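The next block holds one structure in the form of structure tokens; read it before the comments.
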Amino acid sequence: MKQTKQIVTTALLLLFAFSATVYNSCKKDPCKDVICSNGGVCSGGQCNCPSGFSGNKCQVKDPSSLIYQNNTFTPVNITINGTKSVIPVGGNVLYQGIPGATASGSASTRGVTSTGIPTGLTLSWSFSDVFPAGNTSVTKYLNAASTYYYLQVINNSGYYITQEHMDYLLPSEVVDSFTIYNIYGKVNPLGYQSATSTSNIYLNTTDPIINYFATPVLTFTQNQSYTYTAY
């Protein structure tokens, strides 16, 4: 009797093992017909995609970003691939694109007086940047080159300032006309000027005899500025 029980137990174990083998051999592999692109790996019938790709088969390149940061003293007008934006002082603007695609465009800025009159020189940039890998961003910095400085004037005199000569009596002389009222302590922006070893400033006032001449103290570094005070 004991021998018969052992034979039955052995037979049941063999039958269970056979059944499990048959079941596993008939079970369908969910990844058999799934082809993942761009280095994706199938798991449970779904593609697990590497960074930078998405979609049911990892066939979509995720967008990437280029960030343009305004480090100058004035708002910057920028156009990238036909899309226009204005970058405030100290701010930035983000453009998205397909990784590897080119971001082409340009940007410019110019100073204005407190009453909105354009003054000084125009700064400009051109771009032919490449969008980085998907889900990443690269920052591009817009700086005023060391060959420029940003001029501001405080008019603590008893007169209105009516005209500014940049590089007075030099071949590069530029003249701007405006009105700076004699408001004590007020800082008046006068835009970007050429930064050289011979740079100078000449200011006319409402009194034809009273004028101001100054040689700016410059560091010849990016985003430099100079503030002149007239007494």
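Quick one: Kirkwood hydrodynamic radius for segment 47-107, alpha-carbon pairs, angstrom, one decimal?
Values: mean 1/r = 0.0753 Å⁻¹.
13.3 Å is the Kirkwood radius here.
Could you work out how far the C-alpha centroid of segment 189-230 sits from that of segment 81-115, in angstrom?
Value for the Cα centre distance between the two parts: 29 Å.
What does the helix-only formula give at 222 nm for the chain: each DSSP H stretch with n ≥ 4 adding -39500 (n - 2.57), the total divided by the residues, and the result rounded to the nearest 500 deg cm²/dmol?
Numbers: 1 runs with 25 residues, N = 231.
Value at 222 nm, helices only: -4000 deg cm²/dmol.
Return the long-range amide H neighbours of residue 53 (sequence gap of 5 or more, or a different chain), with a cut-off of under 5 Å between placed amide H atoms.
Counting only residues 5 or more places away or on other chains, the set is 62.
Residue by residue through segment 108-114, which ³J(HN,Hα) values in whole Hz follow from phi under the Karplus form 6.51 cos²θ - 1.76 cosθ + 1.60 (θ = phi - 60°), with glycine and proline marked x?
Per-residue couplings from phi come out as 7, 7, 8, x, 9, 6, 5 Hz.
How far is helix 2-26 tilted, in degrees, relative to the longest principal axis of the Cα atoms in the chain, given as a value from 0 to 90 rounded to the nearest 10?
40
How much FRET efficiency would the formula 1/(1 + (r/R0)^6) give for residue 104 and residue 173, where r is the Cβ-Cβ distance and R0 is 30 Å, rounded to 0.05? It would help to have the intermediate numbers written out before the result.
Numbers: r = 35 Å, r/R0 = 1.18.
With a Förster radius of 30 Å, E is 0.30.
Once the Cα atoms of segment 63-142 are picked out, what are the Rg and Dmax in Å?
Here Rg and the maximum Cα pair distance are 13.6, 45 Å.
Pick out which of 50, 88, 30 has the largest mean-square fluctuation in a Gaussian network model of the chain, springs linking Cα atoms closer than 10 Å.
Largest GNM mean-square fluctuation: 30.
Write down the Kirkwood hydrodynamic radius of the chain, to one decimal in angstroms, obtained as one divided by the mean of 1/r over all alpha carbon pairs. Mind showing how you got there, number by number?
On the way: mean 1/r = 0.0428 Å⁻¹.
Computed over Cα pairs of the chain, the Kirkwood hydrodynamic radius comes out at 23.4 Å.
Can you tell which of 158, 134, 45 shows the greatest fluctuation in a Gaussian network model of the chain with Cα springs below 10 Å?
Comparing 158, 134, 45 in a Gaussian network model of the chain, the most mobile one is 45.
What distance in nm separates the two pseudo spin-label positions at residue 135 and residue 41, each 7 Å out from Cα along the beta-carbon direction?
For the pair residue 135/residue 41, the computed spacing is 1.5 nm.
Each residue of segment 121-135 in turn: what ³J(HN,Hα) in whole Hz from Karplus with 6.51, -1.76, 1.60 and θ = phi - 60°, glycine and Pro shown as x?
Working through the residues one at a time gives 8, 9, 9, 9, 9, 10, 10, 8, 9, 10, 5, x, 4, x, 6 Hz.
Quick one: of the DSSP bridges fully inside the chain, what percent are antiparallel, nearest 5? Please list the in-between numbers first.
Details: 52 of 64 bridges.
Of the beta bridges lying entirely in the chain, close to 80 percent run antiparallel.
Among 211, 92, 77, determine the one that fluctuates most according to a GNM of the chain built with springs between C-alpha atoms less than 10 Å apart.
Comparing 211, 92, 77 in a Gaussian network model of the chain, the most mobile one is 211.
Since every read-out is calculated from the coordinates, none of them should be taken as a lab result. If you're wondering where the values come from, they're calculated on a predicted model, not measured in any experiment. When we count neighbours, we look across all protein chains shown, and the Cβ atoms used for this are built from the backbone with ideal geometry, even at glycine.
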